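Worksheet: the structure to be examined is printed underneath.
Throughout, read-outs are computed from the coordinates displayed, never taken from laboratory work. Only a predicted model underlies this, so the values are computations on that prediction, with no experimental measurement involved. Counting neighbours? That spans all protein chains shown, and the Cβs are built from the backbone with ideal geometry, glycine included.
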Amino acid sequence: MPHATISHSALATRAEEFLGMHRGTAPLVLPNAWDVASARLIEQAGFPAIATTSAGVAWSLGYRDGERIARREMLDAVARIARAVRVPVTADLEAGYGPSVEDAVATARGALEAGAVGFNFEDGTRDPAHPLMDVEAQMERIRAARAAADSQGVHLVINARTDVFLRGVGAPDSRLGEAVRRLRAYRSAGADCLFAPGVSDSGTIGALVQQLDAPLNILARSDSPSIPELGQLGVARVSLGPGVMEAALGATRQLLDQLRGTGSVAAFLAPAMTYAEVEGMMGRQ
């Protein structure tokens, strides 16, 4: 499918638009795409921006999650998505595909080259003995990513993520304090939005909002408060991570089981988009 090239001025405009979406009266809801087709569906549904899911992209290409995919291959997938839609795209680029400052710079520059105007940047490591980056080291990497993007004249929206809750680091009663300490530090280093996946209870979410002077991103799962409830708590941004792809795969598995059991092709194809609908969606320039 042909893609339109994103000009530098258009990229800068999309970045400012995307940053402004974090200041609305209701949360910015970001269903996460893993390919062009899913991104087009999200755009057609009326969402003002699209986030990619690193897990979903990896799975679609035959990798497991957790930076088993190379930076270049991930960015190639992001580029295809960004060029295929008219709304801003923010990319989940995991921990930057390497622990060094140089890795952070390469990832930030790569995000812009791919046409993304934001990226998730996590502090998790692949070392079970030391599951989180040192705070000062992560701050240095965020500063470097910010400087690299600023030198290109585009305000890349950095969504700094801590995995304190997601990985269950430390005693349960210490996690809120540690998450706040880390996220405040990442904000001071230049992050625009702060991401705390692994939190689902209203009390902790509300405490994070109150203690962080920055937009808060929550990963919505089946046990999370509803979007309106998250808005009432003061959450600025809600993403679904791999949830959309997981739902699509679950529905496909269910339909395949029914097809094998009943043999009814009509029942199997009942919820399907038509060939013409998909062709029309993919053929838009």
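List of remarks:
- Sparsely packed loop sites in the stretch 77-111 (the trypsin sites (Lys or Arg not before Pro) outside DSSP H, G, I, E and B with at most 14 other Cβ atoms within 10 Å) comprise Arg86.
- Prolate/oblate/rounded call for the stretch 8-241, Cα gyration tensor, a/c under 1.5 rounded: rounded
- A Förster radius of 35 Å, combined with the Cβ-Cβ distance separating Asp150 from His130, puts the computed FRET efficiency at roughly 0.70.
- The residue among Pro228, Gly261, Ser239 whose Cα reaches farthest toward the positive pole of the charge dipole of the stretch 225-281, with charges on the beta-carbon of Lys, Arg, Asp and Glu, is Gly261.
- When each of Leu255, Leu28 is scored by the number of other beta-carbon atoms lying within 10 Å, the sequence from fewest to most is Leu255, Leu28.
- For the stretch 182-285, trypsin sites (Lys or Arg not before Pro) meeting the loop criterion (DSSP other than H, G, I, E, B) and having at most 15 other Cβ atoms within 10 Å: Arg221, Arg284.
- FRET efficiency for the Ser174 to Leu256 pair, using the beta carbon distance and R₀ = 45 Å, is estimated at 0.50.
- Cα shape, the stretch 89-219, gyration tensor, a/c 1.5 rule: prolate
- Shape call, the stretch 222-285: gyration tensor on alpha carbons, a/c limit 1.5: oblate
- Gain upon complete extension [Arg143, Ala266; 0.36 nm per residue less C-alpha separation]: 38.7 nm
- Size of charge dipole - the stretch 8-241 - debye, nearest 20, with Cβ of Lys, Arg +1 and Asp, Glu -1, no other charges: 340
- When the charge dipole of the stretch 8-241 is built from unit charges on Cβ atoms (+1 for Lys and Arg, -1 for Asp and Glu) and taken about the Cα centre, the candidate among Ser54, Ala111, Met139 whose Cα reaches farthest toward its positive end is Ala111.
- DSSP-loop chymotrypsin sites (Phe, Trp or Tyr not before Pro) across the stretch 85-139, with at most 10 other Cβ within 10 angstrom: none
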